[in-house]
Every structure is written in structure tokens, then in C-alpha cells.
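Here's the structure, in C-alpha cells; my notes come after.
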Amino acid sequence: MIRSNTALAILFMLILILLWIYLRYKTTIISRYLRPLAIFVIVSVAIAGGGIVSAQVTPNPAPLNNITSLPLPTPGDPNPANPPLLTAVAQPSNLADFVDDQTALLKLGKALFWDMQLGSDGVQSCASCHFHAGADNRSKNQINPGSGLLESLKDITFQVGGGANYQLTAADFPFHKLADPNDRTSTVISDTNDIASSQGVFNSVLKNTVPGQAVDSTTSEPDPDGFQVNGINVRRVAPRNSPTVINAIFNKLQFWDGRAKEIFNGVNPKGVTDLSAKVYKATKPKELTAVSVSLNNSSIASLVTGPLLSEFETSADGRTLPQIGAKFLRKKGQKIKSLRPLAKQLVDPQDSVLGSDSRSRQPGLKIASYDQLIRKAFKKQWWKSKSIIQVDSKGTPTILAKNDDGNESEEGQTLPANQFSLRDWNFSLFSGLAMQKYISTLVSDKTPFDQFQAGNTNALTDQEKSGLSVFVNNGVNGGGSCNVCHAIPEFTTASVRRTAGVASTDSTDPLINNPTNGFFPNFGVTPASDDPGAGNITTSRFKAPALRNIGLTAPYMHNGGMATLEQVVDFYNRGRGDDGGRNAPVLNLTDTQKADLVAFLKNGLTDQRVLLEKAPFDHPQLFIPNGHPGNQNSVTASGNTNGTPTATDQLVEIPAVGRNGVTTPKPNFLGL
């Protein structure tokens with residue numbers, strides 16, 4: 001190193017001498033001979049300088065070559081000892097059969113994902129449960145008592161907090177409390193089958209959606225699942241913890257139980273198993289044909305269709321996707337205004353996707369209707385038709401050919417509630433592919449770990465490197481065997497790459513229910529009888545979640561029963577077994593090793609763009625329900641007149657953020 005510095009000093013001195021000679025004796029002859037010499041010296045300095053840079057950031061082509069806890073080799077990952085950098089998952093191979101303009105598709109997807117008008121109540125959007133690092137950091141009215149999964153397992157008694165609308169505290173966690181967190185056989189202080197999840201809509205039944213109106217016409221009915229305080233309905237809470245949507249594009253299957261399939265049928269989450277799933281295609285202006293569609297690499301599109309109809313998440317009971325389409329898309333002859341995209345929310349002029357369409361200080365986009373985006377994004381055969389689809393009381397569709405009024409589609413026709421345009425009917429196709437396009441951009445591949453893996457050995461601190469060693473090594477070598485289930489670089493064995501060639505046709509297929517597909521049985525978090533997952537009440541299976549940005553996405557596990565990464569590490573270190581059944585080897589990690597592992601997970605896997613909401617993680621304004629004024633013992637009625645009283649909402653603003661993000665990060669769950 002000393003010799004290198006001496007050589008550099010000599011080279012710099014030569015440059016200074018040559019420069020002085022040139023300026024002192026500026027003649028043609030001297031200049032002719034000085035130029036090549038100067039070039040030689042400058043190149044030499046550049047080479048030497050490169051050596052200095054390399055010394056500061058040492059290339060490290062295999063920073064994980066000490067891995068000993070390896071996932072099993074698969075066709076998608078034949079050599080897990082040398083994991084690749086995180087790379088994008090391919091889009092559907094036949095997407096061009098449906099989409100004309102991917103820029104318009106992305107705009108449509110981002111607008112729909114954040115739009116509060118999507119919910120039956122005109123409040124609840126997809127983003128309402130995925131606004132903080134792609135997840136949810138709310139802590140009031142966030143408990144489900146154990147309802148909403150199997151009717152035979154329903155429990156409507158709140159054990160955490162004693163009732164709905166409870167404000168969680170750090171002392172409530174973990175849900176499975178032991179006298180000694182390091183000893184799974186120690187005295188159980190408390191346990192519960194409650195779930196920390198995300199609040200959605202009030203319990204109601206749909207009358208009909210109203211074209212051009214954000215709030216659906218509904219009847220409020222007594223909540224059958226316990227979401228009431230003194231006879232007043234409060235917002236319902238979903239039966240599983242909300243995972244982050246960031247990097248979800250890498251999952252082969254979606255939801256904790258894998259029920260959203262990788263093949264999108266254009267209608268629902270069931271994939272190719274639902275032979276009745278049909279969309280309509282305009283083969284001629286007055287002719288519609290029911291067709292089955294199949295788009296690979298599209299589990300996100302399959303997922304999208306589920307929450308839009310969930311009576312826990314966004315929808316009144318009985319709503320259909322064509323009815324949502326009718327709510328957004330009908331216009332002209334019906335003498336109503338279309339719902340302007342994001343009409344209740346501000347969009348930052350610097351938004352990385354929607355900024356050029358922002359109305360700045362006015363809510364919504366300059367684009368007057370979702371219809372315009374659909375027409376631009378999708379090929380005409382999926383939305384342009386003069387025919388009408390009529391649905392009878394049993395839900396059976398019939399095609400009606402309307403009179404030719406000179407318009408290019410059904411616009412100008414006044415439609416009753418049971419009749420739908422082609423655009424209405426295919427809303428499931430449009431929303432699924434559009435929101436999948438948006439979510440595919442939410443990739444956090446710029447963590448300190450990614451920089452380290454790419455060769456910058458200084459990207460992780462010494463403590464984080466030690467934590468990485470614990471992560472990738474097995475128990476024999478002083479590690480935690482974390483990499484076996486959370487395989488690098490996606491940090492899950494349930495990724496598209498890892499599961500290449502593994503069948504996963506439906507949730508009852510044995511192939512979905514084994515570690516090869518990233519699903520693990522009876523993992524020790526909760527008894528199978530509390531939540532059967534992708535299996536049954538004796539063999540409960542859940543997908544191994546990805547871990548990037550995990551420091552921002554508490555609470556953890558499918559039941560949300562752990563509030564800190566320290567609690568998660570304690571759970572694995574003691575050999576799991578909170579379910580009272582299957583145990584695993586005790587890891588016997590030292591306090592230092594546990595702290596190092598937490599440091600790696602918390603800091604080494606956090607993308608600063610996610611933390612600071614920089615593009616592509618910027619977003620429109622959002623107002624989220626945050627429980628109701630009062631507590632689990634008392635709430636105030638809102639004064640609604642559509643049936644059972646509902647509680648007054650307590651809304652919190654999530655301000656619009658542009659591509660440059662924020663300077664101060666938002667607090668995590670319970671400020672932990």
C-alpha cells in the first residue's frame with residue numbers, strides 16, 4: 001500500500017512538471033512531444049486510481065460462498081450455493097394478446113390500487129391495507145377473534161383486548177407468551193387464537209352499485225363475526241395478517257395459503273381449476289363470444305380479484321366484479337358523470353407514474369374516466385362492442401344485441417342494473433392485469449445486502465455480516481438455517497424461480513403442500529385447528545414469506561402474533577412449537593448471534609427507497625380508517641340510516657408523495 005501511494009505521488013509530480021513546461025515554453029515542437037507523454041502519464045494515473053477504488057470496494061463475486069444451510073436444488077435453482085442477483089420475473093407470455101399500451105396499463109393499475117372509490121364504502125382501497133412498506137402499520141381495531149376462515153372453527157370472542165376497536169400495545173405481544181422466551185417448555189403465560197390483521201369494511205349486503213357514485217347502495221346488517229361494540233357495527237378485520245405487496249411479483253402463488261394461482265383465468269383467483277371462468281371477446285361489433293383465457297406468470301392478477309369481493313376487505317356481501325365495472329365505467333346516455341380516477345385523493349405532480357396527469361391542488365387525475373385508460377391500454381376486442389350482457393337471478397349471462405345507434409360501443413344506452421357492457425363484464429381482466437403491472441414495479445433490489453452481493457463488501461456492517469452468516473449457516477455451524485426456507489435472493493423458496501417445474505394447480509394438490517413449493521406444514525406458530533392454511537385441521541400449511549424490508553412490516557407471521565424481530569428470532573431459536581405440536585431442533589444461538597441476525601434482517605434487507613417512499617414506492621394521498629373514536633367498550637354511532645348502526649370512522653391521512661420521497665420516515669407498527 002505504501003509503494004502504491006509513492007508511485008501515485010511520483011505520477012502526479014510528473015503531471016505538474018509537464019503542465020509547467022507546456023505553459024512556460026508553449027511552442028509547437030515541445031507541444032508535439034509533450035502530448036503523447038502527458039496521455040501516457042494520465043492513463044497511468046487513471047489505472048492507479050482504479051486500483052485505489054478497487055481497494056475501497058473489493059469485488060466479491062461470491063460473497064455467499066460460506067453457505068451451508070442450502071435449499072434443495074430445483075430446476076429453477078440448480079446451484080443454490082451461488083444465488084443470483086435479484087432479477088425481474090417475466091410478464092405473461094401472451095400479454096400482447098390483451099394489451100396495446102403498457103404505459104397506460106401501469107397508470108390504470110396504480111390509480112386503481114390506491115383509489116378509495118373501489119370499496120363499497122367509497123373509503124376502502126387495495127392500498128388501505130398495503131400503504132406502509134407495502135403492508136399495514138395500524139394498531140387500533142386490528143384484531144380478528146378467529147372468524148372468517150372455516151365456519152366450523154369460528155370464534156367470535158376477542159381475547160386480546162376484550163373486544164373490537166381495541167388499541168393494541170407492545171405488551172400484547174407475542175400472542176404466545178412464555179415465562180422464558182428461550183425455552184419452549186417453560187410455563188405458558190398466555191395464548192390466543194386471535195389474529196392481528198387489517199380492518200376493512202362494515203358488514204353490509206349490496207343492493208346495487210350506482211354508476212358514477214363512489215359509495216355502493218347497501219343495507220347494514222348485524223355483524224355475525226363479533227365486530228360490534230354495544231350493538232354498533234365496527235369495521236371488520238381480515239382473518240390473516242396482511243403481507244407486503246412489495247416484491248410479491250416474485251411469488252409463484254399468492255396469499256398465505258397459495259389460493260391465488262400463477263395462471264390467471266381473467267375472472268378469479270382459481271386459475272385453470274375453474275373451467276366455468278369466462279370473459280367475453282368481441283368477435284364482431286354485435287357478436288360476443290365467451291372465452292377462457294390463460295395468462296402465465298400472473299398470480300398477482302389472480303390475487304387482485306379476491307379482495308375486491310371480500311366482505312372483510314373492500315366489498316359489501318354479494319357484489320360482483322361486473323358491478324364494480326359498471327360503477328366506474330357507465331356514462332353518457334345515462335346522464336351521469338363517470339368516476340374520475342382518484343377523485344377523492346390528491347396526486348403529487350412529481351408522482352413517478354401519475355404526475356403528468358395530476359390535477360395538483362385538486363383531487364384526481366386530468367384523465368376524466370377509467371374508461372379512457374382502459375380504451376388506451378387494452379385491445380378493442382376486450383372492450384368495444386354494441387352488445388349487452390344480461391344476468392338473470394341465478395347469475396347466468398345472456399347476450400343481447402342492441403340497436404345500432406351509430407356509436408362504436410354501447411354508450412348512449414341506458415342499462416338496468418342486471419345488464420352490463422363488455423367493459424363492465426371484463427373489469428376483472430382489466431383490473432387484474434393493470435394492478436399486476438403496477439405491483440410488478442414494486443421491486444426493492446437496492447438493499448445493503450444487494451450491494452454486498454454485487455461485490456461491495458463494505459455495504460454491510462461487521463454486525464450485519466455476522467448476522468448474514470447466522471442467516472445462511474446451519475445449527476451445526478452456529479447458524480439459524482434461515483436460508484433453507486427463505487432462499488436468497490428472493491428470501492423465499494416459494495418464488496417463481498425456485499419453484500420452476502413444480503405443479504401447483506389448486507390448494508388441494510399435494511404438490512402445493514410440500515417444501516418444494518415453499519409451503520411448510522404445522523410450522524409451530526398456531527395449532528392447525530385454529531387455521532388450516534392450505535391444508536386441513538391436522539396438516540396446516542403456509543407459504544414461506546419473503547423477508548426484504550421486514551424491519552418495516554410488523555406484525556409478523558400469518559396470525560400477526562409477533563411484534564418485533566427479536567420475538568421472531570426467539571421463536572426459531574427455541575425450536576418453534578408454539579402450536580403445542582411439531583417442534584424443531586433448538587438453535588442455541590447466543591444473545592450476540594441473535595442481535596446480529598436481527599441487525600441483518602432489520603438493516604441489511606431494508607431498501608432506503610421503501611423507507612423514504614421514493615419512486616417507485618411513491619403514491620397518491622390516502623385516507624385510511626384507523627378504528628373508531630372510543631375503545632373496545634364504547635363507540636359513537638355514525639348516524640347511518642341504512643340499517644344496523646355503524647360506528648363513526650376515525651380517518652388518518654397518508655399524504656401524497658412524489659418520486660423524491662420524504663425526508664422523515666413514517667413510524668413502524670406501535671413505533672417499534
For segment 371-380 the number of residues that are touching a strand residue (DSSP E or B) at 6+ places or on another chain (Cβ under 8 Å) and crowded, with 18+ Cβ neighbours inside 10 Å is 2
If you go through G501, G524, the only one that is outside the structural domain of S298 (by TED's automatic domain parsing) and at pLDDT below 85 is G501
Scanning segment 627-639 for residues that are under 19 Å from Q124 (Cβ atoms) and surrounded by 17 or more Cβ atoms within 10 Å (Cβ to Cβ), the one farthest from the chain's Cα centre (by Cα) turns out to be V635
When S315 is run through (1) under 19 Å from Q124 (Cβ atoms); (2) crowded, with 24+ Cβ neighbours inside 10 Å; (3) in contact with a Pro (Cβ under 7 Å, 6 or more places away or on another chain), the failure sits at (3)
ask   = Looking at A368, is it of a type in the set (A, V, I, L, M, F, W, C), surrounded by fewer than 18 Cβ atoms within 10 Å (Cβ to Cβ), in the same structural domain as G119 (by TED's automatic domain parsing) and in contact (Cβ under 8 Å) with a residue 24 or more places away in the chain?
value = yes
Residue check for K384: in a loop (DSSP other than H, G, I, E, B), touching a strand residue (DSSP E or B) at 6+ places or on another chain (Cβ under 7 Å), over 30 Å from G661 (Cβ atoms) and not hydroxyl-bearing (S, T, Y): yes
Result of the Cβ filter at 8 Å on segment 162-179, keeping first residues that are surrounded by 15 or more Cβ atoms within 10 Å (Cβ to Cβ) and partners that are outside any loop (DSSP other than H, G, I, E, B) and among the aromatic types (F, W, Y), at least 6 apart or interchain, is P174/F571
Restricting segment 618-650 to residues that are touching a residue at least 60 places away in the same chain (Cβ under 8 Å) and among the small types (G, A, S), the one nearest to C129 (Cα to Cα) turns out to be G627
Of all helices (runs of 4 or more DSSP H) fully inside segment 560-613, the set with 2 or more residues that are aromatic (F, W, Y) and in the same structural domain as Q142 (by TED's automatic domain parsing) is none
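The values are calculated or read from the model by the stated rules, or taken from the named source; none is laboratory data. As the structure is a prediction and not an experimental result, all values here were calculated from the model. Neighbour counts run over all protein chains shown; Cβ positions are idealised from the backbone, glycine included.
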